[in-house]
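S.K.: Please find one structure pasted underneath; my questions will follow.
The values are calculated or read from the model by the stated rules, or taken from the named source; none is laboratory data. Here the structure is a predicted model, which is why all the values come from computation and not from measurement. Positions of Cβ are backbone-derived with ideal geometry, glycine not excepted, and every protein chain shown enters the neighbour counts.
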Amino acid sequence: MEKLKKHLNYLFVNTTPGESTETWKRVGKSTEWTDTMNAKTTTYEYIEDSSPTDVIESYQPSTSMPLTAYIGDPVYEYVFDLYQRQEVNANTKAMRVFQSKNTSDKFIAQVTDCTITIENFNFATGVITFMMKQGGTPQLGTAAVTQSTDSSGNKIWTPVFTAD
């Protein structure tokens, strides 16, 4: 049994949507990562039951990310660009890589289309908060993540996703 550790779970954003290949950058300068599942349900009032029955039809996960602004952080630069342009078609992809390993000793992962909405930018605290909302069906698979450093000593995480 192993306790979940936040630094061993990865949330990546494609910072070059519309390009032929994804540029995955890790969301790392946030103090929060909570996936809200947003279950869509239908309630049935069956004649034989005294109480209603809810049936889950689908999920549409979303996460609100308060990102501390560091100039030079590629995720901040991408989100700030959406903010300053007030982009209304902010569609990209997200990759979640979970600490859990499957039987082949790779990390369980998923890639999803998503829409990014800027919620607020607090200049006093230096935090820009954006919402990532899933669209469509997630592509399930596994991922390997390697870590390196750039010439300035900044950490770089590189995921390689393999679809199931």
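S.K.: Which of the numbered conditions does residue 73 fail, given that it passes all the others? Conditions: (1) under 28 Å from residue 150 (Cα atoms); (2) surrounded by fewer than 17 Cβ atoms within 10 Å (Cβ to Cβ); (3) more than 15 Å from the chain's Cα centre (by Cα); (4) of a type outside the set (A, V, I, L, M, F, W, C).
M.R.: Going through the list (1) under 28 Å from residue 150 (Cα atoms); (2) surrounded by fewer than 17 Cβ atoms within 10 Å (Cβ to Cβ); (3) more than 15 Å from the chain's Cα centre (by Cα); (4) of a type outside the set (A, V, I, L, M, F, W, C), residue 73 breaks only (2).
S.K.: Consider region 113-130. How many of its residues are part of a strand (DSSP E or B) and either free of Cβ contacts under 8 Å to residues at least 12 places away in the same chain or touching a Gly at 6+ places or on another chain (Cβ under 9 Å) (or both)?
M.R.: Counting residues in region 113-130 that are part of a strand (DSSP E or B) and either free of Cβ contacts under 8 Å to residues at least 12 places away in the same chain or touching a Gly at 6+ places or on another chain (Cβ under 9 Å) (or both) gives 5.
S.K.: Name the pairs: first residue in region 50-62 and over 15 Å from residue 113 (Cβ atoms), second residue among the aromatic types (Phe, Trp, Tyr) and in a strand (DSSP E or B), Cβ to Cβ under 9 Å, at least 6 apart or on different chains?
M.R.: Partner pairs satisfying both residue conditions: 52/44; 53/44; 54/44; 55/44.
S.K.: Filter region 76-112 for residues that are assigned to a loop (DSSP other than H, G, I, E, B), at pLDDT 95 or above and surrounded by 16 or more Cβ atoms within 10 Å (Cβ to Cβ) and give the result.
M.R.: 90
S.K.: Can you name the residue in region 124-146 that is within 20 Å of residue 104 (Cα to Cα) and of a type in the set (S, T, N, Q) and is also modelled with the highest pLDDT among such residues? Full working, then the answer.
M.R.: Step one: list which residues in region 124-146 are within 20 Å of residue 104 (Cα to Cα), which gives 139-146.
Pick out the ones that are also of a type in the set (S, T, N, Q) and you get 139, 142, 146.
Details: 139: 98, 142: 94, 146: 93.
Applying the filter and picking the extreme gives 139.
S.K.: Which members of region 150-161 meet the condition of being modelled with pLDDT of 95 or more and surrounded by fewer than 12 Cβ atoms within 10 Å (Cβ to Cβ)?
M.R.: Scanning region 150-161 gives no hits.
S.K.: Name, by its number, the condition in (1) over 25 Å from residue 143 (Cβ atoms); (2) in contact with a Pro (Cβ under 8 Å, 6 or more places away or on another chain); (3) assigned to a loop (DSSP other than H, G, I, E, B) that does not hold for residue 43.
M.R.: The failed condition is (3).
S.K.: Just checking, does region 13-32 include any residue being assigned to a strand (DSSP E or B), over 18 Å from the mean Cα position of the chain (by Cα) and charged (D, E, K, R)? Please lay out each step first, then the result.
M.R.: Kept after step one, since they are assigned to a strand (DSSP E or B), are these residues of region 13-32: 13-14, 24-26, 30.
Narrowing the set further to residues that are over 18 Å from the mean Cα position of the chain (by Cα) leaves none.
Checking region 13-32: not a single residue is assigned to a strand (DSSP E or B), over 18 Å from the mean Cα position of the chain (by Cα) and charged (D, E, K, R).
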